[in-house]
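Contents: one structure, followed by commentary.
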Amino acid sequence: MFRFRPIFTAFLLGATPLALWAGLLVNTRAADGPLEKRLGDALQSADADADKALRLLDALVVEATQRGDASIQVRAELWHARITLDQHKTAGVLDELDNALTTARQAGLTSAEPDLYATRADYFEFLGKPEQARPLLDRAIQLALATSQIPLAREMLDRLAALQEKARQTHLRTQTLARASLLVPDASQPAAELQPLEARVSVENGELGRTRLVLANPSSDTVTGTLSLDAPGTTLGRPWEPVPDQRLWATDPDSHHILLTPSAKGTGSFGKKITLRPGEQVFLYLEVNPPSGKIKNAVQPVTATWRDDDATTPPAQSRLNFEFSSTLPDVSVASSSHIRLSPYYSVPLYAEVYHRGSASQRVEDVVAKTSVPCLVEVYDEDTRELLAVDNEGDGDFFGPADRLLSDFNHDHLPDVVFSAADQKSVSSLEFRLFPAPFEDPADPAASTPLDITLWLHDRRDWQPAATSQADPAAAKN
């Protein structure tokens, strides 16, 4: 039984002593209540008669719901889903898991969420859709660590690494194994990181400048601290509040949207307390309104600083410049950045492509080239869809490991579409970089920053539009 994930957690089993019977974990103390005993009876019968177990669990869900016992209800629905999957059936599984997650959240049963996410990952893995299982497993890991379920987190990391190995995602598997190494007792934990280290945003006078910060917690501990912004001569254009992800099975955390408006009376100093789960990355979209009136060609500096509540951890800082210019090409890349790669997670490089032309629709090729061999994944930041994979970082997509999923003009290059009908004049892209490992780590080139240049075609020739830099990942602690 339970060939998908034969593991047990404190939530699944309840607070009572349990024994291992016929490959299942069951409750052995009737004194803890009739519903607990019935849950144990259902699980005891599962190996010999799965259909009987499912009927008992169905009845238990109904009674637990009537009695308002959310813990029993969620556990019964969770076991029902797992037994159904183990019978190589999928009917009703997603509905059960949806209902269980809603109930768990309403009842504050946070310890239930990791297993619910992991079981949903089981479902997609069973259907042969590992690309949908992987982010769910990653979320399960974050939640398991946040609720101190270390054995569950370790098992999920092993599963995630196995899926990444099957998909030949060697770079991601290496980072997953590095995260697992942090679960060793007394392992030195990396500090929270703020990326990019530096960024330059160039737009025309009158246009809104925007970039994205990433606040990441690569450690296996929950971290709380304060993110502060220092932007002289500005005020908040709207309240700074996190924007919750409304999707039921969201694998992305809440994001923060911050709008700064130039103001002679603005204090320019703002801050927000933020808590990061283990392994979590939080996106902060920072927008700067253009100066009003006759002020042209202005530069607005912004410094973002993250201070962990643990006073022994040095602050992390990001320095940003928003530049407003008189003239820019019809199509330009608005942002360039300086980031530092990490051995624990994929550090995203953010870029925006602006279209100022009058054409009702325009397809724009966007090619990234790196200074050393590097696997480059290109995503549409708005939809999170993968657009292309360049295995070498050479801007050529004819290699056996290259993938091209967005090529509207059929020229075998990745592209974005600007449409007047959609009122889309800006396309946000995300690049994830995985440099090829050096055979000799002592090679001086291994410590040399990597350059990534974005190229655009101006209808006559290719032109370099923006160059960003990525420092090598620091060695693991």
Distance between the range 314-365 and the range 240-264 - C-alpha centres, whole angstrom: 19 Å
Once phi is turned into ³J(HN,Hα) by the Karplus curve 6.51 cos²θ - 1.76 cosθ + 1.60 with θ = phi - 60°, what whole-Hz value does each residue of the range 117-123 show in order, with x for glycine and proline? 5, 5, 5, 5, 4, 3, 4
So between residue 41 and residue 126, what do we pick up on full extension, going 0.36 nm a residue minus the alpha carbon distance? 27.9 nm
Quick check: pseudo-label points 7 Å beyond the Cα along Cα→Cβ at residue 407 and residue 425, how many nm apart are they? 3.2 nm
Gained length - residue 264 relative to residue 443, 0.36 nm times residue gap less alpha-carbon distance: 59.3 nm
Diffing the range 290-304: the Karplus 3J(HN,Hα) column from phi (6.51, -1.76, 1.60, θ = phi - 60°), in whole Hz with x for Gly and Pro, holds x, x, 8, x, 8, 6, 10, 6, 8, 10, 10, x, 9, 10, 9
Counted neighbours (other Cβ, 10 Å), sorted fewest up, put 228, 326, 220, 202 in the order 326, 228, 202, 220
How high is the FRET efficiency between residue 58 and residue 396 when r is their beta carbon distance and R₀ equals 60 Å, given to the nearest 0.05? 0.60
Principal-axis tilt of helix 34-46 within the chain, Cα atoms, nearest 10 degrees: 90 degrees
Residue 294 to residue 247: FRET efficiency via 1/(1 + (r/R0)^6), r the Cβ-Cβ distance, R0 51 Å, to the nearest 0.05? 0.70
Taking a crude spin-label model, label points 7 Å out from Cα along the C-beta direction, the residue 167 to residue 186 distance in nm is 3.7 nm
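Starting from the Cα coordinates of the range 56-141, work out the convex hull volume and express it per residue in Å³. Show your work: numbers first, answer last.
On the way: hull volume 6.6 nm³, N = 86.
Normalising the Cα hull of the range 56-141 by residue number yields 77 Å³.
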Points 7 angstrom from Cα along the Cβ direction at residue 363 and residue 327: gap in nanometres? 3.0 nm
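Any read-out appearing in this document is the output of simple, stated calculations on the displayed coordinates, not a laboratory observation. Everything quoted here is computed from the prediction, not taken from an experiment. Because the Cβ atoms are built from the backbone with ideal geometry, glycine has one as well, and the counts that use them run over all protein chains shown.
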